[in-house]
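Please read the structure below before turning to the comments.
The values are calculated or read from the model by the stated rules, or taken from the named source; none is laboratory data. Predicted model only: the values in this text are computed from it and were never measured. FYI the Cβ positions are ideal-geometry reconstructions off the backbone, even for glycines, and counts take in every protein chain you see.
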Amino acid sequence: MYLLLVFLPLIGSCCAGLFGRKLGPYGASCVTVTCLLITFFLSLFAFYEVSLLGCCVYIKFIPWINSELLNVDWGFLFDSLTVVMCCVVTFVSSIVHLYSTEYMAHDPHLPRFMSYLSLFTFFMLILVTADNFIQMFVGWEGVGLCSYLLINFWFTRIQANKAAIKAMVLNRIGDFGLVIGILIIFVEYKAVDYATVFAVTPILTNKVFSFLSFDFDLTSIICFFLFIGAVGKSAQLGLHTWLPDAMEGPTPVSALIHAATMVTAGVFLIARTSPLFEYTSSVLSLVTVVGACTAFFAATVGLLQNDLKRVIAYSTCSQLGYMVFACGLSNYSVGVFHLVNHAFFKALLFLGAGSIIHAVADEQDMRKMGGLKKLVPFTYSMMVIGSLALIGFPFLTGFYSKDVILEVAYGKYTLEGHFSYILGTMGAFLTAFYSTRLVYLTFLCRPNGYKPVICKAYDSSYQICISLFLLVVPSVLIGFYAKDMIIGFGSDFWGNAMFTTTENMNRIDSEFITHIFKILPVILSLLGATLSFLLYSFGSRLLVQLKLSVLGKKIYHFFNKKWFFDKVYNEQIGQFFFTISYTITYKVIDRGIIEIFGPMGLSSIITKKASYIAKMQTGYLYHYTFLILTGLTLILGLRQFWVFAGSLADFKIFILFFMLSFFLVNKKT
């Protein structure tokens, strides 16, 4: 059953991809949706057996790598963390598959699209069920590959090409850090499976590791590089710019990437490696600060975006910041609980946005919508519920995890804890403001679009409506019914899946913080929603005056341009590397060293020098004697220089001198 759970999406992907021409769009849709639904029901059985009955399952499938000390198996670990992730991934993916059968029905390449979606799900299941870092990295890279394929699905669009390349490049930066972390683990632990690494970690807490000629604490350097991988995949501040651009793909892709698969991989990695992070307080502080800054930054940017899907994308980035800083505060269970809750209402928002876009002839600019409340009433109700869950409205799903995150942040009673509480609370206010703005501009204000488009707006077909309804149920209920089981006091739900040291257990302290700090996030959320509605309903002139003021223009420009991250990356960092690549890599190495010492270069040099040597065949003995003495002198001089350089710095100076000579020659030319 457990192996079938993992490999059924792969079977569906292969059937739709390899035999899509024979099956046709309808057949490919039926195969992939059926495989995903079966996978979801198997995940429910696994959840019952593993989490509720407490029977963890470990499967050693087949050996993979067996080379000296490196022994890697294809193994699958099913503990509470794994089965929770499996249920979320398979449920949201099943809904997205069902939704796509109607949303993409007009596309002639539907079988290929369904194949990519199923492959995406398969790699995510590989990632969460792996029992070692190498197999986890296979799933990690697999979801990156599938994100490239899906974002670039409409490959004739230039913007889709750019967005897919951007996502791939920025994720490679994070993946490079993750690879270094895994390599350090293997070098020091002589193992890469979770069980061995987590068991040995307490013994190696005081060990020093030399990296780039500097000495670091072993656990800290490993966790730092693992966190770099999480920053890239979960779009934290610095490597976040790929996430909004991923909106160039079809809407079901946005829902799958943002809700349940790719972006949650970084949070899952931090929670899975909690036995490592718990022994390095400095990296946990870094995780907290980066997560809190991401939550606030993304909320400010989402405030003034006009693209419907980009607003929801920045809200994803903000919510990921909440999950990450919850993990940084050693409350991994709370972070994962918010991950689960967020998956449902964020999928609801994205799929609802897709329904709106279909209704208004593929228009995504909210300024060209309005007045859709009576035209698409079902989609309107779904979007309102999703937005209320996002802002943490009382008794909806988001309320039960988001507020707990802010409570434990304040209850930590540390500098970074209070810092994250302040930024998280401000982010909650901004989230409520732009969520209400989205609903108002799309549904409640006067129609601003083209009359033929607005008049023809309609609610979507049965598949899309059923998908939205299936998502709205957990968006309303799952938080209330799961909170005591997942994050309740005395609950042994997680077992050994996540580890927290006794020093970092502050969930009890958070229950006794001052009451005002408990309800402040809810108050600010309700205030933000109310203020947004009143301003856009009755204070439009005031908003225009604020926007046109000197300070207002600067603030609007700064937030609308996403804090100029893209500008700095493109004009400073990107252009710098382009210049270096041309002047050094191309002109010096390719056109310089390789052409001189390559086959053609050597042959031409030898031919020319041989012609010169031939001219020296004069037939006089004293000429030959002079050449012999000169050659011996040069050879002995080079040998002495080589010995001298080697005695200084292991031939490094000689190699640098050799490379510098070519650079100087190139600069002169």
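General observations
- Given (1) surrounded by fewer than 18 Cβ atoms within 10 Å (Cβ to Cβ); (2) under 26 Å from Ser100 (Cα atoms), number of the condition Met124 does not satisfy: (1)
- Selection status of Val324, of a type in the set (Val, Ile, Thr), assigned to a helix (DSSP H, G or I), at pLDDT 90 or above and surrounded by fewer than 24 Cβ atoms within 10 Å (Cβ to Cβ): no
- When the stretch 127-147 is filtered for residues that are more than 25 Å from Cys223 (Cβ to Cβ) and surrounded by fewer than 19 Cβ atoms within 10 Å (Cβ to Cβ), only Leu145 remains.
- Of the helices (runs of 4 or more DSSP H) lying entirely inside the stretch 123-219, those containing at least 3 residues that are more than 30 Å from Cys87 (Cα to Cα) and free of Cβ contacts under 8 Å to residues at least 40 places away in the same chain span 158-189.
- Total residues in the stretch 255-301, condition surrounded by 24 or more Cβ atoms within 10 Å (Cβ to Cβ), of a type in the set (Ser, Thr, Tyr) and under 17 Å from Leu390 (Cα atoms): 2
- Cross-chain or 6+ apart pairs with Cβ under 6 Å, the stretch 474-490 first and in the same structural domain as Asn341 (by TED's automatic domain parsing) and of a type in the set (Ser, Thr, Tyr), then modelled with pLDDT of 85 or more and surrounded by 13 or more Cβ atoms within 10 Å (Cβ to Cβ): Ser475/Phe344; Ser475/Phe345; Ser475/Leu348; Ser475/Ala389; Ser475/Thr397
- Tallying residues that are of a type in the set (Val, Ile, Thr), modelled with pLDDT of 90 or more, over 20 Å from Thr530 (Cα atoms) and crowded, with 24+ Cβ neighbours inside 10 Å within the stretch 406-442 yields 0.
- Some residue of the stretch 299-313 being over 23 Å from Arg437 (Cβ atoms), over 11 Å from the mean Cα position of the chain (by Cα), in contact (Cβ under 8 Å) with a residue 24 or more places away in the chain and not in a helix (DSSP H, G or I): no
- Filter result (at pLDDT 90 or above and among the small types (Gly, Ala, Ser)) within the stretch 101-143: Ser115, Ser118, Ala130, Gly139, Gly142
- Verdict on Leu218 being under 27 Å from the mean Cα position of the chain (by Cα), closer than 21 Å to Gln305 by Cα, aliphatic (A, V, I, L, M) and at pLDDT 85 or above: no
- Ser285 vs. criteria closer than 22 Å to Phe337 by Cα and either free of Cβ contacts under 8 Å to residues at least 12 places away in the same chain or among the polar types (S, T, N, Q) (or both): yes
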